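For reference, the structure discussed in these notes is given below.
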Amino acid sequence: MKSTLAQLTARFDQALVAAFGADLAGTDPMLVATSNPKFGDYQANLAMSLAKPLKGNPRAIAAQIVEQLDISDLCEPPEIAGPGFINLRFKTAYLEDQLRAMQADPRLGVEPVKTPQKVIVDFSSPNIAKEMHVGHLRSTIIGDSIARVQEFMGNDVLRLNHVGDWGTQFGMLITHLKEACPEALEADSKVDIGDLVAFYKQAKKRFDDDDNFRTRSREAVVGLQAGDAIATKAWQTLCNQSRHEFQKLYDRLDIQIQERGESFYNPLLADVVKDLASLGLLVEDQGAKVVFADGFTNKDGDPLPLIIQKTDGGYNYATTDLAAIRYRTQQDGAERVLYVVDAGQGSHFAQVFQVAAKAGWIPDGVELTHVPFGVVQGEDGKKFKTRSGDTVKLKDLLDEAVSRARTDLESRIQAEERQETEEFIQDVAEAVGLGAVKYADLSQNRTSNYIFSFDKMLALAGNTAPYMLYAYVRVQGISRKGDIDFDHLPAEARIHLEDDSEFALARHLLQLDEVLEEVAQDLYPSRLCQYLFELSQKFNQFYDRCSVLQAAEPQRTSRLLLCDLTAKTLNLGLSLLGIRVLERM
Ligand code: ARG
């Protein structure tokens, strides 16, 4: 199915060429959906931007375009307004045809991209033995949604977990493990080290207090780098334990991700240094090997070095990212790499990308993008912490969301005097609780800081997951009540638009493809949330105004089709946010 927007764009292209010559082929008609139905469905804003290059008056240019615009099968006669806006209103028959095509298409009218790209999404990426904190949760939720949208658009997506599984902190961890828990190092040991974060704190305390421990830790790092068997075994034990914990969370949140941690790139780091040196980019700075990227200075205004190899010979976070760029573009064939990482790492990525570009390591046509997000704050606007000031454990956070969803559900069940099984209650609470946490995060513009509030995210009204899920459930309720099988409505059944609320809903439905293309390009899942929120609102307005099951035929079937198309669109949209719908709640 060709999207309404694509069809309009093609018609504008023909008109521009006819009016002003072939030079203008491919000009963006700057079509935007109007917010007020008074101005029609779309507004084309190109006449204003053509005024300068064409040296003409925008209203006159608009008139010349409209003169050539052959659009009568799609729209009512266009109107020119204000300085030169071209207002377009779809014909009802055209809208109905488009809805029918959308209905018949399992992809709901969203065409896959013509040339699929190899896209890597680098997300989640917690650090071994350290806390997986709310920042990593944001990366996990946003990254997963971005990956889902890329996949749906037909791209070949590789989801990578750039786990922090290497670095000097392993010296103290290994040493502490060897001494405090030697049985963990025996062959096929099943020892559970327990809370790794507490373990990390103990190791850190010994490291800070005890000179001798510090020396042994440094030796352990050297051992690990040299491939010493015991050090390696200790490192693996620690990584496995962390991995196991992370996986529980991924399973619960339904996240697919492939681990390729920092350690994976170790064998490639020496070459990064060697090649930067032979390109003449590497500089000695106080014993360290560094690269200076343009435009980065410290707070005294001095050039800020990107450290590639430390004085002690160790490599850095940036070195690994440079090796990863080479590997991902050469071995994986990535054409687009998306780094879903907190905004605080903006200058790290800007420096790394610039150095990679200078070194000629970014092949033509390859795009590396940092997809930043803001920090999570508590309702007091401060950093998100528990009442006692500790960092919030992600498991506790999800448990709390689920348990609150459960309390809400139980009181509704009681008030409505329903009989529900424990299994049902648990399933709904889990879907609503986790859906609410994800949706709350995704619905914010990701670049701003985000205030975490259980009350807001679980509210049944507003731009929340429960509101969206509820709209979906409403449709399922209609089909149950009327004993309707949406998949077996008569083949000749069609949507006929009559009421204003039906038009508003229909127009909104037909914007799905446009919205998904935008999200795939700009990487703002909040745009999709906004779309779904408005869809639910428009559906509720329609459902409040128009009877469905009580309506006479053919209106009844038409309205059922509209309900079904709304539910399918909600289901698809929510699935791209990683949120599971419910039949009842
Ligand atoms: N482990 C890092 C952190 O917790 C995030 C890694 C992001 N990805 C990357 N390629 N640098 O901050």
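The values are calculated or read from the model by the stated rules, or taken from the named source; none is laboratory data. All of these numbers come straight from a predicted model, not from anything done at the bench. Every residue, glycine as well, gets a Cβ built from its backbone with ideal geometry; the counts of neighbours run over all protein chains shown. Note: areas computed on protein heavy atoms with side chains; ligands, DNA, RNA excluded. Shrake-Rupley method; radii C 1.70, N 1.55, O 1.52, S 1.80 Å.
Kindly indicate whether Phe207 is aromatic (Phe, Trp, Tyr), without any contact (Cβ under 8 Å) to a residue 40 or more places away in the chain and either within 30 Å of Arg494 (Cβ to Cβ) or more than 15 Å from the ligand (Cβ to nearest atom) (or both). It is true that Phe207 is aromatic (Phe, Trp, Tyr), without any contact (Cβ under 8 Å) to a residue 40 or more places away in the chain and either within 30 Å of Arg494 (Cβ to Cβ) or more than 15 Å from the ligand (Cβ to nearest atom) (or both). Evaluate the following for Ser501: is it part of a helix (DSSP H, G or I), within 26 Å of Lys38 (Cα to Cα) and touching a helix residue (DSSP H, G or I) at 6+ places or on another chain (Cβ under 9 Å)? Taking the combined requirement at face value, the residue satisfies it.
Residue-wise test of (1) more than 16 Å from the ligand (Cβ to nearest atom); (2) surrounded by 13 or more Cβ atoms within 10 Å (Cβ to Cβ); (3) of a type in the set (Asp, Glu).
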position	(1), (2), (3)
Val163	no, yes, no
Thr168	no, yes, no
Thr175	yes, yes, no
Glu183	yes, no, yes
Phe213	yes, yes, no
Gln225	yes, yes, no
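Annotation note: of Ile120, Ile86, Ile71, Ile65, the sole residue that is farther than 30 Å from Glu492 by Cα and touching a Lys or Arg at 6+ places or on another chain (Cβ under 8 Å) is Ile120. Among the residues of region 56-68, is any in contact with a helix residue (DSSP H, G or I) (Cβ under 9 Å, 6 or more places away or on another chain) and within 30 Å of Leu565 (Cβ to Cβ)? No, because not a single residue in region 56-68 is in contact with a helix residue (DSSP H, G or I) (Cβ under 9 Å, 6 or more places away or on another chain) and within 30 Å of Leu565 (Cβ to Cβ). Looking only at region 313-333, decide whether some residue is within 15 Å of the ligand (Cβ to nearest atom) and assigned to a loop (DSSP other than H, G, I, E, B). Yes, there is a match, as at least one residue in region 313-333 is within 15 Å of the ligand (Cβ to nearest atom) and assigned to a loop (DSSP other than H, G, I, E, B). If you take the residues in region 98-134 that are more than 10 Å from the ligand (Cβ to nearest atom) and at positive phi, which one is modelled with the lowest pLDDT? Among residues in region 98-134 that are more than 10 Å from the ligand (Cβ to nearest atom) and at positive phi, the one modelled with the lowest pLDDT is Ala129.
Of the set (1) at pLDDT 95 or above; (2) open to solvent by 10 Å² or more (accessible area, probe 1.4 Å); (3) charged (D, E, K, R), all apply to Asp441 but (2).
Can you spot a residue in region 140-161 that is within 24 Å of Ala234 (Cα to Cα), of a type in the set (A, V, I, L, M, F, W, C) and either away from the ligand (no atom under 15 Å from the Cβ) or part of a loop (DSSP other than H, G, I, E, B) (or both)? The answer is no; no qualifying residue exists. Within region 336-367, the set of residues being within 13 Å of the ligand (Cβ to nearest atom), open to solvent by 30 Å² or more (accessible area, probe 1.4 Å) and part of a strand (DSSP E or B) comprises just one member, Asp342. Of all residues in region 219-242, none satisfies the criterion of being over 19 Å from Cys181 (Cα atoms) and of a type in the set (D, E, K, R).
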